[in-house]
Amino acid sequence: MNKWKKLTSLVLVGIMAGSLAACGGSGGSGNSGGSEDSGSGSTAESGNESSSSDSDSGEKVTLNMLFNDTDENVQAEMAYVMEHLPEVLPNVEVELEMVPGDAQTYETKVRTMISAGGEGLDVWWERGGSWATPILESESALPLDDYLEASGYWDKVIPSAKLPADDGHTYSLPFEDISYEIILYNKKIFADNGLEAPKTVSELKSVIETLAKTDIVPISVGAKDGWCAAMMLEGFAYSLDPEMTEKICNGEAKFSDEPYAEAANVMKELLDMGAFSKNVALTGIDEALPMFETGKAAMMANGSWAVASGADKMGEDFGYFYYPVIRDEDVDLYGKNVAGGVKQNSGMMVYAGTEHPDEAAALCEAVAELRCKYVYEEKGNPFTVYKAGDLGWTYDSEFAEPVAQLAEDMQNFEYVYGLVQDVMPTAAASSGIMQATSKFMTNTPDYTVESYLEDMDKAALEE
């Protein structure tokens, strides 16, 4: 989508400059915990003087915004955001760069730009989790505490939206849905083949055996990107110990321990059964999603962020189920423990060295809110952190059945922890588990389950 590579829109934040002059400038939230002469503190202070002057004079301010172009849904969301920004903030010129590629490619670009002094970067979407660790450790993100208090942001969102960094400061505004690991499925394909949504791995294998006799791909997964397949592994492991990922992150367990080891064996069995598309290890999320949405695949390993758009595109054919439990006797645990939730340090961030911190912070808030308004009103997706009723958001129809069901399910989840690729202690660890998982999905004889788990254990220790 090259047409979104450089897209400009006029936006204003001058109305907020007077009351927000303290954002990032002084006090505890003026920097991320460093000394008074640290880079983030002094830059923010000088930036405030500049932004106040620009706002008072009515001059336009130019801000550069970076975003990861992952699929057509993101493209549509950002097109809406850029179209409506002038209505919210009409005095700043925004240059949006949509960066194609996987998580590693995108986050490498963000860190490279920061290392080069932040030229061309004021605001960006940050994946959060361990990807954000080096950014926060280098004090490259602007603390948003003062700005958010002054703007009334916390009155517009649900309490769980407030998930500060480990130092107690807020550096990002949630942009994505509250998300969980699930498997999407095509109800029509299932009905045509006399199948029902499986609750156990043995039932899942039976489904795959039936579908493997047709020309339909049983499960679509973007294994090239790593995280999609890693989520599958975690989903299965959750039925044996939902706290396993957290234990690994805390150094209390390993991927080679029973829950993930058994999950890896399940994945290997599925690979040997032909559960996935040919060359699945070379298939990215940008190919896997349309494969499912067009009916070429019966299921897709994805997240709850795809429920609303899937229901919108596929209508009554769309459905979802939770990861089947590995042991038949644990079927009562099905759907009770799910990985996901609000992701720490994920969302819209401001570069600490921006010359216009107040405007950049306001842009973050506007972008996050507009995106969430779009998916709520246009796509019938209520899984955002915003209080839609208080903000006057409306959806002209009833929420699709899968959407309403998931909203109800969420109230009964017993244990929730972040997605495995997002919560690793370091970015290197996240990258390592995704790379190892992509390699595992090649299903080559020389890369066994034991080899895979050994690499996962090594990756978890990467600094």
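The values are calculated or read from the model by the stated rules, or taken from the named source; none is laboratory data. What you see is a predicted model, and the numbers here were worked out from it, not measured in a lab. Reconstructed Cβ throughout: ideal geometry from the backbone, glycine too, with neighbour counts over all protein chains shown.
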A careful count of residues in segment 312-362 that are out of contact with any helix residue (DSSP H, G or I) (no Cβ under 8 Å at 6 or more places or on another chain) and under 19 Å from residue 140 (Cβ atoms) gives 1
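With segment 347-463 as the region, which helices (runs of 4 or more DSSP H) entirely inside it contain at least 2 residues that are aromatic (Phe, Trp, Tyr) and closer than 30 Å to residue 317 by Cα?
357-377
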| task | Confirm whether residue 213 is surrounded by fewer than 17 Cβ atoms within 10 Å (Cβ to Cβ), without any contact (Cβ under 8 Å) to a residue 12 or more places away in the chain and closer than 29 Å to residue 71 by Cβ. | result | no
With the first residue restricted to segment 129-141 and required to be on the phi > 0 side of the Ramachandran plot, and the second required to be of a type in the set (A, V, I, L, M, F, W, C) and in a helix (DSSP H, G or I), Cβ contacts under 8 Å at 6 or more apart or on different chains are 129/423
Exactly one of 255, 292 is in a loop (DSSP other than H, G, I, E, B) and in contact (Cβ under 8 Å) with a residue 24 or more places away in the chain, and that one is 255
When restricted to 154, 131, the only residue of a type outside the set (D, E, K, R), crowded, with 23+ Cβ neighbours inside 10 Å and outside the structural domain of residue 299 (by TED's automatic domain parsing) is 131
ask   = Within the bounds of segment 393-401, is there any residue that is in contact (Cβ under 8 Å) with a residue 24 or more places away in the chain and surrounded by 19 or more Cβ atoms within 10 Å (Cβ to Cβ)?
value = yes
Turns out the helices (runs of 4 or more DSSP H) fully within segment 103-218 with at least 2 residues that are closer than 30 Å to residue 268 by Cα are 103-115, 187-192, 201-211
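Rundown of residues vs (1) among the small types (Gly, Ala, Ser); (2) under 22 Å from residue 73 (Cα atoms); (3) surrounded by fewer than 21 Cβ atoms within 10 Å (Cβ to Cβ); (4) modelled with pLDDT under 95, yes/no style:
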site: 275; (1), (2), (3), (4): yes, no, no, no
site: 295; (1), (2), (3), (4): yes, yes, yes, no
site: 300; (1), (2), (3), (4): no, yes, no, no
site: 304; (1), (2), (3), (4): yes, yes, no, yes
site: 308; (1), (2), (3), (4): yes, yes, no, yes
site: 318; (1), (2), (3), (4): no, yes, no, no
site: 323; (1), (2), (3), (4): no, no, no, no
site: 337; (1), (2), (3), (4): no, no, yes, yes
site: 340; (1), (2), (3), (4): yes, yes, no, yes
Only unsatisfied item for residue 380, checking (1) at positive phi; (2) modelled with pLDDT of 90 or more; (3) buried (at least 16 other Cβ atoms within 10 Å of the Cβ), is (2)
The residue from 171, 185 that alone is outside the structural domain of residue 239 (by TED's automatic domain parsing), within 25 Å of residue 383 (Cα to Cα), among the aromatic types (Phe, Trp, Tyr) and within 25 Å of the chain's Cα centre (by Cα) is 171
Margin query: Checking the structure you have, find out if any residue of segment 55-63 is modelled with pLDDT under 95, in contact with an Asp or Glu (Cβ under 8 Å, 6 or more places away or on another chain) and assigned to a loop (DSSP other than H, G, I, E, B).
Written below: yes
Of the residues in segment 350-364, those that are of a type outside the set (Ser, Thr, Tyr), over 17 Å from the mean Cα position of the chain (by Cα) and buried (at least 23 other Cβ atoms within 10 Å of the Cβ) come to 350, 352, 356, 357, 358, 359, 360, 361, 362, 363
(message) Condition first: surrounded by fewer than 16 Cβ atoms within 10 Å (Cβ to Cβ), outside any helix (DSSP H, G or I) and without any contact (Cβ under 8 Å) to a residue 12 or more places away in the chain. Can you find one or more residues in segment 227-245 that meet it?
(response) no
Taking the condition surrounded by fewer than 24 Cβ atoms within 10 Å (Cβ to Cβ), over 30 Å from residue 458 (Cα atoms), touching a strand residue (DSSP E or B) at 6+ places or on another chain (Cβ under 7 Å) and outside the structural domain of residue 377 (by TED's automatic domain parsing), does residue 291 pass?
yes
